[in-house]
Amino acid sequence: MTAKRSAGLLLYRSGPRGLEVLLAHMGGPLWARWDAGAWSVPKGEYVPPEEARDAARREFAEELGLEPPDGRYLPLGDVRQAGGKVVTVWAVESDLDPQRVVPGTFEMEWPRGSGRLRSFPEIDRVAWWTPQEAAERLVKGQRAFLERLAERLGRSAD
């Protein structure tokens with residue numbers, strides 16, 4: 001069985017607090033009460049032959065409701081998350097205003113076993129975090145992207 005694949009964009013900027021990255025808090029009732037480990041690089045699944053970078057841009061637009069930024073895309077490589085999914089990420093410098101985000105939605109049965117389908121946002125908020133703050137919030141399997149970004153930019157991840 002082939003592992004599922006996701007691709008995403010990690011936005012970064014230099015601000016008054018130094019390096020910051022934009023993360024998305026996962027939407028829906030299962031994540032509503034969580035902060036630590038409930039944030040992600042904006043990403044989504046794709047199936048080859050779609051190219052990972054094209055999927056990353058498409059998923060950014062679907063999840064945030066905004067066009068992906070132009071600029072130099074820095075490849076941060078792949079990670080395999082605990083569930084086996086392979087995630088590929090590019091970093092791109094941009095100063096996105098979180099207030100402009102209009103997230104996409106998904107449907108699921110809620111409450112479970114009720115037979116009722118409800119619509120939920122794919123992400124319920126986005127925010128800028130320093131790498132240290134981001135590491136506390138990111139899904140564990142994606143933390144390597146913070147270190148790789150710092151390496152690519154010649155900075156410390158702390």
Check: Can you list residues whose amide H is under 5 Å from Ala91's amide H, if they're 5+ apart or on another chain and H is modeled 1.01 Å from N?
Finding: Leu10, Leu74, Leu76
Check: Between Glu109 and Arg17, what FRET efficiency follows from the Cβ-Cβ distance if R0 is 41 Å, with the result rounded to 0.05?
Finding: 0.50
Item checked: Surface accessible to a 1.4 Å probe, per residue, for the residues of the chain, Å² -> 55 Å²
Next item on the list: For the stretch 116-132, take each phi angle, set θ = phi - 60°, evaluate the Karplus expression 6.51 cos²θ - 1.76 cosθ + 1.60, and give the result in whole Hz per residue in order, putting x for glycine and proline.
Entry: 9, 8, 10, 9, 9, x, 4, 10, 9, 5, 10, 7, 8, 9, 5, x, 5
Check: Using the per-residue mean of other Cβ atoms lying within 10 Å as a proxy for protection, in what order, highest first, do the peptides 126-133, 96-103, 53-60 fall?
Finding: 53-60, 126-133, 96-103
Check: When the Cα centres of the stretch 51-95 and the stretch 16-48 are compared, how far apart do they sit, in Å?
Finding: 12 Å
Next item on the list: Could you rank Leu117, Leu138 by how accessible they are, 1.4 Å probe, largest area first?
Entry: Leu117, Leu138
Check: Could you give the angle, 0 to 90 degrees to the nearest 10, between helix 144-153's Cα long axis and the longest principal axis of the Cα atoms of the chain?
Finding: 30 degrees
Notebook entry, point to check: So what is the 222 nm mean residue ellipticity for the chain from helices alone, if each DSSP H run of at least 4 adds -39500 (n - 2.57) and you divide by all residues, rounding to the nearest 500 deg cm²/dmol?
Noted result: -5500 deg cm²/dmol
Checklist line | Accessible surface of the stretch 1-57, 1.4 Å probe, proportion on carbon and sulfur as whole % | finding: 55 percent
Next item on the list: May I ask you to derive the relative contact order of the chain, considering only C-alpha pairs under 8 Å and at least 6 residues apart, and to give it as an integer percent?
Entry: 31 percent
Check: Tell me, what % of the accessible area of the stretch 76-115 is carbon and sulfur with a 1.4 angstrom probe?
Finding: 46 percent
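The values are calculated or read from the model by the stated rules, or taken from the named source; none is laboratory data. None of these values were measured; they are calculated from a predicted model. Glycine also receives a Cβ, built like all others from the backbone with ideal geometry; neighbour counts cover every protein chain displayed. What goes into the accessible areas is simple: the full protein's heavy atoms, side chains included, and nothing from ligands, DNA or RNA. Shrake-Rupley method; radii C 1.70, N 1.55, O 1.52, S 1.80 Å.
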